[in-house]
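Q: Okay, here's the structure, questions in a sec.
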Amino acid sequence: MKIAIIGTAFPYRGGLANFNERLANEMQKDGHQVSIYTFSLQYPDFIFPGKSQYSEEDAPKDLKIERVLNSLNPFNWISAGNKIKKENYDLVVVGYWLPFMSPCLSAVANRIKSNKHSKIVSVVHNMIPHESRIGDQFLSNLFVKNCHGFLALSSSVLEDINSFDSQKPKALSPHPVYDNFGKSVSKQEAISHLELDPQYKYILFFGLIRDYKGLDLLIEAMPMVKEKSVRLIIAGEYYSDRDFYTDLLQKNGLKDTVIDVNGFVAQDEVKYYFCASDLVVQPYKSATQSGVTQIAYHFNKPMVVTNVGGLTEMCPNGKVGYVVEPNPREVAKGINQFFLETDLEQMTKNIIEEKKKYSWNKLSNEIYSLADKC
């Protein structure tokens with residue numbers, strides 16, 4: 001088939017870009033001709049909460065990526081939509097994650113489908129955003145009307161999609177393992193690379209720091225951790241008020257013991273943070289699914305996750321980690337259970353077996369099957 005993927009990609013950085021690029025690689029491996037259409041302007045600087053939207057990595061090899069979409073310019077939506085429409089793609093995969101993007105993506109999809117040939121399937125990361133705003137329902141509904149079918153990455157997202165549309169074809173395929181961060185290195189090498197003290201065990205909180213991700217719950221849990229040789233690594237860029245978290249670290253007596261990276265972790269550095277760590281903790285207050293879980297799977301790392309959204313689907317309790325309620329006491333309980341009671345060798349074997357179900361080939365095949373039903 002001739003396939004287009006519309007969404008975030010290089011030169012933009014982050015999980016969505018990684019997802020779309022990895023999916024494109026898989027579809028090319030399946031023998032299809034794939035093009036990615038990404039943004040010339042994604043977020044205006046005045047609403048972007050981070051330091052930079054752009055990757056400092058080299059452009060991905062063997063991928064055709066065109067920067068054609070301006071999220072703010074309605075004239076661009078028509079011209080970009082017409083450009084893609086004329087290519088007469090058999091399948092157009094549109095990533096959806098934020099109602100802010102709905103006007104742009106809806107207009108583009110509307111133009112493309114007027115060719116009466118292209119099937120438009122949305123891979124939905126979030127149907128309803130974690131941090132809601134006025135107009136979200138209207139904007140997401142607008143997007144839904146302009147797609148032929150939907151693929152959800154978790155059951156909770158599938159339920160959200162059904163609340164907007166109960167008729168169009170849908171499929172569920174779990175978020176695949178992120179296997180594009182390189183091979184594992186030894187814990188000794190990772191600790192040396194990051195200049196960490198090898199006498200400690202390490203808990204990892206990884207990814208962009210937003211309030212819904214519950215870093216405050218983890219900080220408040222740390223004084224209740226019984227294993228005193230444990231240190232916390234916060235590896236991510238603050239999209240929320242950093243002072244709130246540094247004050248919380250100070251209040252809980254942790255300011256001098258926590259490793260606070262305070263920056264976006266480059267792709268070739270990710271392996272060191274995961275391989276240096278003994279446990280990955282995701283203390284989210286709300287969630288759909290998580291790319292962090294799938295990086296942990298890649299590096300065979302046990303997890304403590306909270307009982308929200310799709311996290312419980314991806315982390316069978318007691319098998320690959322522990323599922324706890326989203327409060328400090330429960331988070332501490334899960335951490336203590338891991339360090340004091342877990343057979344690490346057996347849990348690692350479980351992780352290796354469990355992650356087999358999260359393949360990119362399974363996802364791509366689900367998308368093709370869904371398109372056939374549209």
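Q: Relative to the Cα centre, what is the charge dipole magnitude of the range 187-357, using +1 at the beta carbon of each Lys and Arg, -1 at the beta carbon of each Asp and Glu, and rounding to the nearest 20 debye?
A: My answer is approximately 380 debye.
Q: Right, next: Which of the three applies to the range 187-357, rounded, prolate or oblate, going by the alpha-carbon gyration tensor with a ≥ b ≥ c and a/c under 1.5 meaning rounded?
A: rounded
Q: Rounding to the nearest 20 debye, state how big the charge dipole of the chain is about its Cα centre with +1 on each Lys and Arg Cβ and -1 on each Asp and Glu Cβ.
A: Here the chain has a charge dipole of around 1200 debye.
Q: So, one more: Arranged from highest to lowest average of other beta-carbon atoms within 10 Å per residue, in what order do the peptides 230-243, 181-194, 55-68 appear?
A: Order by mean packing, descending: 230-243, 181-194, 55-68.
Q: Still on this model: Which cross-chain or sequence-distant (5 or more) residues have an amide H under 5 Å from the amide H of Arg231, H modelled 1.01 Å from N in plane?
A: Lys201, Tyr202, Ile203
Q: Go ahead and estimate [θ] at 222 nm for the chain from helices alone: -39,500 (n - 2.57) per DSSP H run with n ≥ 4, summed, over the residue count, rounded to 500.
A: Dividing the helical sum by the residues of the chain leaves -11000 deg cm²/dmol.
Q: Moving on to the next point. Suppose each label sits 7 Å from its Cα in the direction of the beta carbon; what would the Asn162-Lys116 distance come out to in nanometres?
A: My value for the distance between the label points is 3.5 nm.
Q: Now for a different question. Once each part is reduced to its C-alpha centroid, what is the distance from the range 264-313 to the range 54-102 in angstrom?
A: Using only Cα atoms to place each centre, the spacing works out to 28 Å.
Q: Same structure, new question: Enumerate the amide H contacts of Lys319 below 5 Å, restricted to partners 5 or more residues apart or on another chain; note that Pro and chain-start residues carry no placed amide H.
A: The list, which skips near neighbours in sequence, is empty: none.
Q: Let me ask something additional. In the structure shown, do any of Lys113/Lys362; Lys2/Lys86; Lys29/Lys362; Lys64/Lys213; Lys2/Lys83 have a Cα-Cα gap over 22 Å, and if so which?
A: Flagged as over cut-off: Lys113/Lys362; Lys64/Lys213.
Q: Can you tell me the relative contact order of the chain? Whole percent, Cα pairs under 8 Å, sequence separation 6 or more.
A: 15
Q: Taking amide H positions as placed in the peptide plane 1.01 Å from N, state which residues far from Ser40 in sequence (5 or more) or on other chains have amide H under 5 Å from it.
A: Val68, Leu69, Asn70
Read-outs throughout are calculated quantities, based only on the coordinates presented, and are distinct from any laboratory measurement. Source: prediction; values computed, not measured. Neighbour counts run over all protein chains shown; Cβ positions are idealised from the backbone, glycine included.
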